Amino acid sequence: MIHHRIAPTASYADLSRRNFLVNSAVAGSGLVLSLMLPFGQGKAVGAEDFTPNAFIRIGADGEIVLTMPYVEMGQGTYTSIPTLIAEELEVELKQIRLEHAPPNEKLYANPLLGVQATGNSNAIRGAWRPLREAGATARIMLIAAAAKRWGVDVASCRAEDGRVIHTASGRQLRYGELAAGAAQMPVPNDVVLKRPEEFKLIGTPAKRLDAAGKVNGSAVYGIDARPPGVKIATLAQSPVFGGRLKSVDDAAARAVKGVRQIVRLDDAVAIVADHMGAAKKGLEALKIEWDEGPHAGLSTQDIAHELEQATLKAGTVAQNNGDADKAMANAETKVEANYQLPFLAHATMEPMNCTAHFRGGECEIWVGTQAIARVQAMVAKAAGLPVEKVIIHNHLIGGGFGRRLEADGAVRAVEIAKQVDGPVKVVWTREEDIQHDMYRPYWVDRIAAGLDKDGKPVAWSNRFAGSSVIARWLPPAFKDGLDPDTTEGAIDLVYALPNFHVEYVRVEPPGIPTAFWRSVGPSHNVFVTESFIDELAAAARQDAVAYRRALLDHNLRAKAVLDLAAEKADWGAPLPKGRGRGIALQYAFGSYLAQVAEVEVARDGSVRVHRVVCAMDCGTVVNPDTVQAQIQSGVMFGVTAALYGEITLKKGRIEQANFDTYQMLRINEAPAIDVHVVRSTEPPGGMGEAGTSGIVPAIANAVFAATGKRLRKMPIDAETLKA
Amino acid sequence: MAFDITINGTLRSIDVDGDTPLLWALRDVLGMTGTKFGCGMALCGACTVHLDGSAVRSCVTTIDSVGDSKITTIEAVGATAAGARIQKAWLQHEVAQCGYCQSGQIMSASALLAGNAHPTDADIDDAMSGNICRCGTYVRIREAIKLAAQSPAREG
Ligand code: FES
Ligand code: FES
């Protein structure tokens, strides 16, 4: 295969990494365009060289196949992404077939791409420009091929519905007929993209391409993998993180029908069986003794105390404008508060699982992952093999939310598979899934503001402490004590805050691993800042919307969503006793979002969220239906967190185990949700995570409106709200 | 000992301990993976199947309790009138996100609709509150059930 390196398009010099390659070597193979899609914070971290990870192939049969590295987790990526190409290529969405890029190709062995991953909000943001450029590039080359064939000027031809048409004569050729010829055409170096008003597909509701298999049971998730001869295993890991297996009496387990093997690891035991029923029964029959190790006495209170202490010491300055100390000293009123957010588990509906077949010289993996290259690298290490000897089959994901950016489940499966003859599917019980998750970090914030005589904030100072997930997950992105995720939502606030100072203190609590959780930073920071700005409004005896609005003269997109949410939620209209409305406004993941929650607090202190109104400006909307669905999804996730979400440690063990002790919102408790989207031609912002971060403070602020009680700690403790 | 049970109209023989939950017989012994595992304790509804038309949680239904009852799973619910209407409404409303809970949601919703042609919001709450959706598709689940209830039965 010969790849021609081409120059960056002149008009987008800043996008110099987004080149295309055309494979024209194999005659008759049609047109193959290679490109590089960014990851993470909108770019391929560390990848300065052109390393293609996505391919568009137009075959002689007219078939258009997009091979791409993003995975579908329920957020509609498999529908939105091809829309971008189809728009510029002038084909219908259904003409594009998606293939997930296999991880074991040479290109994925590139260590620079070891961070390849699909976070909830970044697929469309990263692909927005390169994929449209790729579609336009292919279209121009197809037109050029047709013009050459007909001996006419390219300007006299146009593309439409998968064909090139010579306008004057009405002659036409299908893309399939032109593909091979197009591959010989020069790659255009100036691609003009459609203007928003020319969009035919972008902005139009599209049916999800992955829906059918999800209503008839045929969709295959990682947990459904069944390579021939597969055995099923389940496991018990040391209940205290960092503990070791001391001894295990497996006599009773061995007697269980269907149990085949007991596998002992340093810090876990697994039962291998014919089916999960036998494996679980075997597990229950084991008598295990653990050496609980150094964290045997750990409790959540210890960690909270450590973090509180940390906020008393100086941290790394994340942002400083003006002189907050001086302005605070001169302020008319000073408002101070401490906030705390708990550890949270992901509780994806599909429990952790991974199937592994270790064959000595190579290892085959069946899993659903958001980070396929990471899994491959970590499996290789655990198996003691070079990465190219690790074969990974990726599957649909029964919920990601950040959990499946981690490779711990695959590593466990390999450790077990190394002792098993043949393939073994390791399925975690729900209890293991919750008690051996990697958790959204615990946070403590110490925040203060100074108000002038009109109640306007003249000083803002916030110091918060907690774990940096990025520092572990993507060390190069943690620089000088800071990372972009941990501080998102705490800095660059939408409001005009003249003297502003924010510090972060990194503390990695022992005995409990942390991870991304439908974002990390904003899910924490937006709760604190939006609760606190509400406190300031209350201290100034002003309406919560009017107070925010007065600080938004410089930020019209933010003001527009605030106004829209307030209007649609009937802000200010009277409510029955015990009810209240609360608002929250955020800029996060590249989108503006205002949310109004309407809650009812019962006499026993229980809180019900009746209605949520969202006003969103997420730039250009690729699929409006997906935006609606994603916001609804994010809101429910956040309501669950506000009402129930809490993971606690006692004697080093996670106290929650299943959906009785780690509760999820259910349909009978679900609020009505109205989503209003502001029309915009700005680049698309993320929405998969946005709904989650803002709803929690909106609920807390609504509880304050209903009861006068300020919630500075999540989840809501009904005891404190009893009438 | 082996148990002979009728699944989707076919008699199947399954050789497992009698206290084995039906869920694992379906998924691991018969390879019918449409029925999902979520909690194993009747808390989430992911494993819902029909036992003589009623929604039950297969993770706590032991194989020796099935007897002559007829089991219907997500793989065959489309062959029932209510199931077909529910599946169609699910597609029309684009309910599924990750989709993992949706087999169970559809089984619960089909059983509801089969027994109650015009479910109210309260009926929907009752029938569906045992099914957790971590992706929060509840708004659309409710809309889709109502849509299915309106669609003419003969279409299904
Ligand atoms: S797996 Fe049966 S109810 Fe959750
Ligand atoms: S669609 Fe993901 S859990 Fe329901």
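What does the helix-only formula give at 222 nm for the protein assembly as shown: each DSSP H stretch with n ≥ 4 adding -39500 (n - 2.57), the total divided by the residues, and the result rounded to the nearest 500 deg cm²/dmol?
Using -39500 (n - 2.57) per qualifying helix, the result is -8500 deg cm²/dmol.
Given the pairs A:Lys246/A:Lys287; A:Lys650/B:Lys36; A:Lys453/A:Lys568; A:Lys231/A:Lys281; A:Lys577/A:Lys722; A:Lys313/A:Lys650, which are separated by over 20 angstrom at their Cα positions?
Where the Cα-Cα span goes over 20 Å, the pairs concerned are A:Lys650/B:Lys36; A:Lys453/A:Lys568; A:Lys313/A:Lys650.
Taking H as built 1.01 Å from N, whose amide H comes closer than 5 Å to the amide H of A:Val677, not counting residues under 5 places away?
So A:Val677 has HN proximity to A:Met616.
In debye, nearest 20, what is the charge dipole magnitude of segment B:2-72 about its Cα centre with +1 on Lys and Arg Cβ and -1 on Asp and Glu Cβ, if you could check?
360
Before anything else, pin down the relative contact order of segment B:77-150: Cα pairs under 8 Å, at least 6 apart, normalised by residue count, whole percent.
Rounded, it is 44 percent for segment B:77-150.
Under the 0.36 nm per residue contour assumption, what length would be gained going from the current alpha-carbon distance of A:Glu388 and A:Arg174 to full extension?
Gain on extension, A:Glu388 to A:Arg174, equals 73.1 nm.
For chain B, with only Lys/Arg (+1) and Asp/Glu (-1) charged at the beta-carbon, what is the dipole magnitude about the Cα centre, in debye rounded to 20?
About 560 debye.
Output the Kirkwood hydrodynamic radius of chain A, Cα pairs only, in Å rounded to one decimal.
Its Kirkwood hydrodynamic radius stands at 27.4 Å.
With the contact rule set at Cα under 8 Å and sequence spacing of 6 or more, what percent relative contact order holds for segment B:2-72?
Relative contact order for segment B:2-72 comes out at 37 percent.
Find, among the trypsin sites (Lys or Arg not before Pro) in segment A:281-350, those assigned to loop by DSSP (not H, G, I, E, B) with at most 15 other beta-carbon atoms within 10 angstrom. Display every interim value, and only then the final one.
On the way: sites: A:Lys281, A:Lys287, A:Lys313, A:Lys326, A:Lys334; in loops: A:Lys313.
Answer in residue order: A:Lys313.
Treating cross-link reach as a plain straight distance, find the aspartates and glutamates whose alpha-carbon is under 15 Å from the alpha-carbon of A:Lys709, omitting any fewer than eight places away in the same chain.
Result set, ordered by chain and number: A:Asp534, A:Glu535, A:Glu600, A:Asp604, A:Asp717, A:Glu719.
Among the aspartates and glutamates, which have Cα under 12 Å from the Cα of A:Lys280 when same-chain residues fewer than 8 positions away are ignored?
Those aspartates and glutamates meeting the cut-off are A:Glu431, A:Glu432, B:Asp19.
Below 8 Å between Cα atoms, with a sequence gap of 6+, how large is the relative contact order for chain A in percent?
With pairs under 8 Å counted, the relative contact order is 13 percent.
Given A:Lys326/A:Lys713; A:Lys214/B:Lys70; A:Lys214/A:Lys381; A:Lys200/B:Lys146, which pairs have Cα atoms separated by over 26 Å?
In this structure, A:Lys326/A:Lys713; A:Lys214/A:Lys381; A:Lys200/B:Lys146 lie more than 26 Å apart at Cα.
Could you order the peptides A:678-690, A:78-90 from most to least packed, using the average number of other C-beta atoms within 10 Å per residue? Could the numbers behind the result be given before it?
Working: A:678-690: 21.9, A:78-90: 24.8.
Sorting A:678-690, A:78-90 by mean packing, highest first, produces A:78-90, A:678-690.
Using 7 Å Cα-to-Cβ label points, what is the A:Glu719/A:Asn320 separation (nm, one decimal)?
Each label point lies 7 Å from its Cα, and together they span 4.1 nm.
Taking beta carbons within 10 Å but only from partner chains, what does the mean come to for residues B:24-33?
Across B:24-33, the average partner-chain Cβ count within 10 Å equals 6.
For segment B:22-30, just list the computed ³J(HN,Hα) in residue order, Karplus coefficients 6.51, -1.76 and 1.60, θ = phi - 60°, integers in Hz, with x standing in for Gly and Pro.
Per-residue couplings from phi come out as 3, 3, 7, 5, 5, 6, 8, 8, 8 Hz.
If each residue of separation counts as 0.36 nm, what is the full-extension length gain between A:Lys200 and A:Thr648 once their alpha-carbon separation is subtracted? Show your work: numbers first, answer last.
Working: separation 448, 0.36 × 448 = 161.28 nm, distance 5.03 nm.
Value of the extension gain: 156.3 nm.
So what is log10(I(q)/I(0)) for segment A:188-307 at q = 0.09, 0.13, 0.14 1/Å, when the Debye sum runs over its Cα atoms only?
Rounded to two decimals, the profile gives -0.55, -0.73, -0.78.
With θ set to phi - 60° and the Karplus curve 6.51 cos²θ - 1.76 cosθ + 1.60, what are the ³J(HN,Hα) couplings of segment A:452-458 in order, to the nearest whole Hz, using x for Gly and Pro?
Working through the residues one at a time gives 7, 5, 8, x, 6, x, 10 Hz.
Which far-off residues, 5 or more places away or on another chain, put their amide H under 5 Å from the one on A:Arg506, with H placed in the peptide plane?
So A:Arg506 has HN proximity to A:Thr316.
Just how far, in whole angstrom, is segment B:25-56 from segment A:224-279 if you go by their alpha carbon centroids?
22
How many partner chain Cβ atoms sit within 10 Å of a residue's Cβ in peptide B:102-114, on average, as a whole number?
Counting Cβ atoms of other protein chains within 10 Å of each residue's Cβ and averaging gives 2.
Could you name the lysines whose alpha carbon sits less than 17 Å from that of A:Lys207, not counting residues in the same chain fewer than 8 places away?
A:Lys94, B:Lys88
Give the long-range amide H neighbours of A:Gly686: residues separated by 5 or more places, or on another chain, with amide H under 5 Å away, using H modelled in the peptide plane at 1.01 Å from N.
Counting only residues 5 or more places away or on other chains, the set is A:Gly590, A:Ser591.
Quantify how strongly other chains surround peptide B:123-131 by giving the mean number of their Cβ atoms within 10 Å of each of its Cβ atoms.
Other-chain Cβ atoms within 10 Å of each residue's Cβ, averaged: 3.
Go through segment B:122-137 residue by residue and turn each phi into a ³J(HN,Hα) via Karplus (6.51, -1.76, 1.60, θ = phi - 60°); whole Hz please, and just put x for glycine and proline.
5, 4, 5, 4, 4, 6, 10, 6, x, 10, 7, 10, 6, 7, x, 8
Roughly how compact is segment A:424-526, stated as its Cα Rg over 2.2 N^0.38 Å to two decimals? Provide the component values of the computation, followed by the final result.
Working: Rg = 17.3 Å, N = 103, 2.2 N^0.38 = 12.8 Å.
Compared with the compact-globule rule of thumb, segment A:424-526 sits at 1.35.
FYI, it's all coordinate maths here, none of it is from the lab. Treat the numbers as computed from the prediction; the structure is a model and nothing was measured. Methodologically, a virtual Cβ is constructed for each residue, glycine included, from the backbone with ideal geometry; neighbour enumeration extends over all protein chains shown.
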